[in-house]
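K.L.:
Quick one: the structure is below, questions incoming.
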Amino acid sequence: MDKFRMMFQFLQSNQESFMNGICGIMALASAQMYSAFEFNCPCMPEYNYTYAIGLLIIPPIWFFLLGFVLNNNVSVLAEEWRRPIGERRKDPSILRYMFCSVTQRSLIAPAVWVSVTLMDGKSFLCAFSVSLDIDRFGNYSLLRGLSEVEKMKVLAKIPCKDLFEHQEIRIAASRYVKCISQACGWIFLLMMTFTAFLIRAIRPCFTQAAFLKTKYWSHYVDIERKMFDETCKEHAKSFAKICIQQYFENMSGEMQSFHNQRSSDSDSDEDDEDIRRSDEDKLLGIRAQDDMNKVLWNWHTCKPALALRKNYADVHENEKVNGEANGGFNGFVNGHTQDVKKKEWAVYYSKV
Amino acid sequence: MERLKLVLQYFQSNSESISNGICIILALVSVKLYTSFDFNCPCLPQYNKLYSLGVMIVPPVILFFFGVLINRHAGVMMDEWMRPVGNRSKNPVVVKYLFSAMIQRALLAPMVWILVTLLDGKIFICAFSVSVDPALFSGFPNDTDLNVMTIMSKVPCKEDLIFRNSSFRKAVFRYIRCYSQAVGWSILLLLIILGALARIFKPFLDDNASSMQTRYWSNYLDVEQKLFDETCVLHAREFAHKCVVQFFEEMREDVSVYLPPPFIAGHCFEEWEDAEKEKLHGITRQEQMDELLSKWYYSKPKLDVTWEAQRSRAWVSWRKHRGKVKYSDV
């Protein structure tokens, strides 16, 4: 039971928690980057809007793409999308699920940047200061008698403390615009949270059965890839070991007789035999370069069907059938001592 | 038995205490959010009230939705509510219990936000400075040509020049803040009294036995879902492992027919010991797995594990009475 838990935690922690952790770190990084960044409004009517809106939009796009880059599942998704069908059919719902999950995680850091920018208000002030109506803040004769272009130039200077002399207008205007900007920020957050809530709460009303299926198989695709890499590594190790052993043995005949003399020590010999046998097992029968190349080639061009071998299934079925007579314990018994006891019981039963 | 108890305790404590922990963390996040939020009253008569009410109401709504979103019980409740009946009857009381537990936990962070804003007072001042009668305080700035409403709406803003030399602003500030704090403490007191009354009178109103049943089965649903997910993850791993090994062996069979029958083939099936076969639970094909997952939703199994329990018990009873067959079902 403990091993069960530990293993599960390891699996879970490796895949999902890792991605959640990266997601959280990126969100914090985006907030920190905003506070470290020195917002510098150009205070010129031609450039204010571009600068401010650019700063509101381009870093989120950058964070979104970074999220895709850092997410391992993107390459799994791309592989699954591009692979030839082989013996395994392709399920577009799995691709959609994987894409959705990658996108959701990547959207968090951009959302944090946009909300922090809006709450701070400097960006809106820079962008919209030229469209302000000064009369709203009081009776000021600042803009009387100026042409349109000059009016815009004066208004564009509002975001800059050192360029605009009338502090009370500047403060009143910046309060007003900041208030609007914060309202937009809160509404943006509300929309995002509500959308996420709808997706999370309403989804079980539709397609829950299909969702269980796609969740299982997309996790399977990821795990299978990892297992394949692990098996290849193990194979390469055993291949190398046996290759080197064979090379040494081929090189000198004395090594053979040396081995024979040492065989008197049965324990160490048994250990050697065990190690050698386990290395042979790990080779899984692939013993030549061309075979291995074929394995790797076929893994991409012709993935195997999702059906474990009939022989294994038959063996299991036969045991089940016999097991019914024996009380059906075969699949559910651990260890070998119970096997021995089981056999005894079966013998007794047939006598009866 | 011991291990099973430990595991069950872990699951039980884990589920509820994790939800409580997340709930408290969200409340702390809401306090931090308030302190880091730069409250910016517009100091304009038309916008003050709107802005203040917005800041008092929208963040709690966001925190509420967020609280529901991250609560595990929301998913369990929706699953139980929406599933087809299958082999297992539906109990609406359990769904109601889960719903009320989820709502209670989700309401904590919004309440904390509202209380913090009231105790701090900035929002009340921004919203209600225009409604204060300036005659109550001395030092009203008469020298400007702005009307009363405009002047009163500038009270929340510290930097404004018209209040520079008088204590009028500070006096109004204190007055409104005092009201705001009174409202905040009253709400807190009311909530605590309600909570205490609910706790005290619950055993009189509810049937204790049925509420114990409801608690048990709602916890069961949570644990069952967790275990199902865990089993699926482990199964996927075993499936993947066997699939990969099988693939390697199939390649070998394709490519090299002249190799002597390797002891590997026989070894493989023996190597797949009972423990490993158990992990796959007999599910070895994609169609079987799809059917299993579909059935899990459309037709959840009966809440009856007598067969499984009896099987293990019969085995134990055989061991006790060596000569006699006590297991009569065979």
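The values are calculated or read from the model by the stated rules, or taken from the named source; none is laboratory data. Please read these numbers as outputs of a predicted model, since none were measured by experiment. All Cβ positions, glycine included, derive from the backbone under ideal geometry; neighbour counts span all protein chains shown. Keep in mind that these areas ignore ligands, DNA and RNA; they rest on the heavy atoms of the full protein, side chains included. Shrake-Rupley method; radii C 1.70, N 1.55, O 1.52, S 1.80 Å.
K.L.:
Go through the range B:47-157 and tell me which helices (runs of 4 or more DSSP H), entirely inside it, have 3 or more residues that are aliphatic (A, V, I, L, M), within 28 Å of A:C184 (Cβ to Cβ) and at pLDDT 90 or above.
P.N.:
Filter on the range B:47-157 gives B:48-69, B:92-120, B:122-128.
K.L.:
Of the conditions (1) hydrophobic (A, V, I, L, M, F, W, C); (2) at pLDDT 80 or above; (3) assigned to a loop (DSSP other than H, G, I, E, B), A:I244 satisfies every one except a single condition; which number is it?
P.N.:
(3) is the only condition that A:I244 fails.
K.L.:
A follow-up question, please. Can you tell which of A:F68, A:F39, A:F8, A:F63 is modelled with pLDDT under 80 and touching a helix residue (DSSP H, G or I) at 6+ places or on another chain (Cβ under 6 Å)?
P.N.:
A:F8
K.L.:
Looking at B:Y175, B:Y179, which one is touching a Gly at 6+ places or on another chain (Cβ under 9 Å), part of a helix (DSSP H, G or I) and over 30 Å from B:Y297 (Cα atoms)?
P.N.:
On inspection, the qualifying residue turns out to be B:Y179.
K.L.:
Looking only at the range B:158-171, filter to residues that are outside any helix (DSSP H, G or I) and within 13 Å of another protein chain (Cβ to nearest Cβ); which one of those is least open to solvent (accessible area, probe 1.4 Å)? Walk me through it before giving the result.
P.N.:
Going through the range B:158-171, the residues outside any helix (DSSP H, G or I) turn out to be B:158-160, B:164-167.
Okay, now just the ones that are also within 13 Å of another protein chain (Cβ to nearest Cβ), so B:158-160, B:164.
Details: B:K158: 144, B:E159: 99, B:D160: 42, B:R164: 166 Å².
Residue satisfying both the conditions and the ranking: B:D160.
K.L.:
When the range A:126-166 is examined, which residues are found to be open to solvent by 70 Å² or more (accessible area, probe 1.4 Å), among the hydrophobic types (A, V, I, L, M, F, W, C) and assigned to a loop (DSSP other than H, G, I, E, B)?
P.N.:
Matches in the range A:126-166: A:L163 only.
K.L.:
Let me ask another. Given the criteria in a helix (DSSP H, G or I), in contact with an Asp or Glu (Cβ under 8 Å, 6 or more places away or on another chain) and more than 30 Å from A:A127 (Cβ to Cβ), does A:L95 qualify?
P.N.:
yes
K.L.:
Do you know which residues across the range A:167-179 are farther than 19 Å from A:Y51 by Cα and either open to solvent by 70 Å² or more (accessible area, probe 1.4 Å) or facing chain B (nearest Cβ under 9 Å) (or both)?
P.N.:
Within the range A:167-179, A:Q167, A:E168, A:I171, A:A172, A:R175, A:Y176, A:C179 qualify.
K.L.:
Here's another thing I want to ask about it. Hey, can you tell me all the residues within the range B:87-101 that are in contact with a helix residue (DSSP H, G or I) (Cβ under 7 Å, 6 or more places away or on another chain) and open to solvent by less than 40 Å² (accessible area, probe 1.4 Å)? Even if it seems obvious, please write down each step before you answer.
P.N.:
Here is the first cut: in the range B:87-101, the residues in contact with a helix residue (DSSP H, G or I) (Cβ under 7 Å, 6 or more places away or on another chain) are B:91, B:93-95, B:97-99, B:101.
Of everything in the range B:87-101, those that are in contact with a helix residue (DSSP H, G or I) (Cβ under 7 Å, 6 or more places away or on another chain) and open to solvent by less than 40 Å² (accessible area, probe 1.4 Å) turn out to be B:V94, B:V95, B:L98, B:A101.
K.L.:
For residues that are facing another protein chain (nearest Cβ under 8 Å) and polar (S, T, N, Q), scanning just the range A:208-236, find the one that is nearest to A:D281 (Cα to Cα).
P.N.:
A:T231
K.L.:
Can you give me the number of residues within the range B:228-253 that are open to solvent by 60 Å² or more (accessible area, probe 1.4 Å) and touching a residue at least 60 places away in the same chain (Cβ under 8 Å)?
P.N.:
Of the residues in the range B:228-253, 0 are open to solvent by 60 Å² or more (accessible area, probe 1.4 Å) and touching a residue at least 60 places away in the same chain (Cβ under 8 Å).
K.L.:
Within the range A:11-34, take every residue that is within 14 Å of chain B (Cβ to nearest Cβ) and modelled with pLDDT of 90 or more and give me the one that is nearest to B:F228 (Cα to Cα).
P.N.:
So, considering only residues that are within 14 Å of chain B (Cβ to nearest Cβ) and modelled with pLDDT of 90 or more, the one nearest to B:F228 (Cα to Cα) is A:A27.
K.L.:
Looking at A:L189 and the list (1) within 30 Å of B:H73 (Cβ to Cβ); (2) surrounded by fewer than 14 Cβ atoms within 10 Å (Cβ to Cβ), which single condition is not satisfied?
P.N.:
The single condition A:L189 does not satisfy is (2).
K.L.:
Still on this structure, I have one more. List the residue pairs whose Cβ atoms are under 8 Å apart, where the first residue sits in the range B:20-46 and is at negative phi, the second is outside any helix (DSSP H, G or I) and hydrophobic (A, V, I, L, M, F, W, C), and the two are 6 or more positions apart or on different chains.
P.N.:
B:I22/B:I70; B:L26/B:I70; B:C41/B:C157
K.L.:
For A:L283, indicate whether it is within 30 Å of A:R225 (Cβ to Cβ), open to solvent by less than 30 Å² (accessible area, probe 1.4 Å), modelled with pLDDT under 80 and in contact with a strand residue (DSSP E or B) (Cβ under 8 Å, 6 or more places away or on another chain). Don't jump to the end; show me each part of the working.
P.N.:
Values: within 30 Å of A:R225 (Cβ to Cβ): yes; open to solvent by less than 30 Å² (accessible area, probe 1.4 Å): yes; modelled with pLDDT under 80: yes; in contact with a strand residue (DSSP E or B) (Cβ under 8 Å, 6 or more places away or on another chain): no.
No, not satisfied.
K.L.:
Restricting the search to the range A:162-199, which residues are over 39 Å from the mean Cα position of the chain (by Cα) and of a type in the set (A, V, I, L, M, F, W, C)?
P.N.:
Correct list: A:L163, A:F164, A:I169, A:I171, A:A172, A:A173, A:V177.
K.L.:
Quick one: B:I192 ticks every box in (1) without any contact (Cβ under 8 Å) to a residue 12 or more places away in the chain; (2) closer than 30 Å to B:L293 by Cα bar one, so which box is it?
P.N.:
Of everything listed in (1) without any contact (Cβ under 8 Å) to a residue 12 or more places away in the chain; (2) closer than 30 Å to B:L293 by Cα, B:I192 misses just condition (2).
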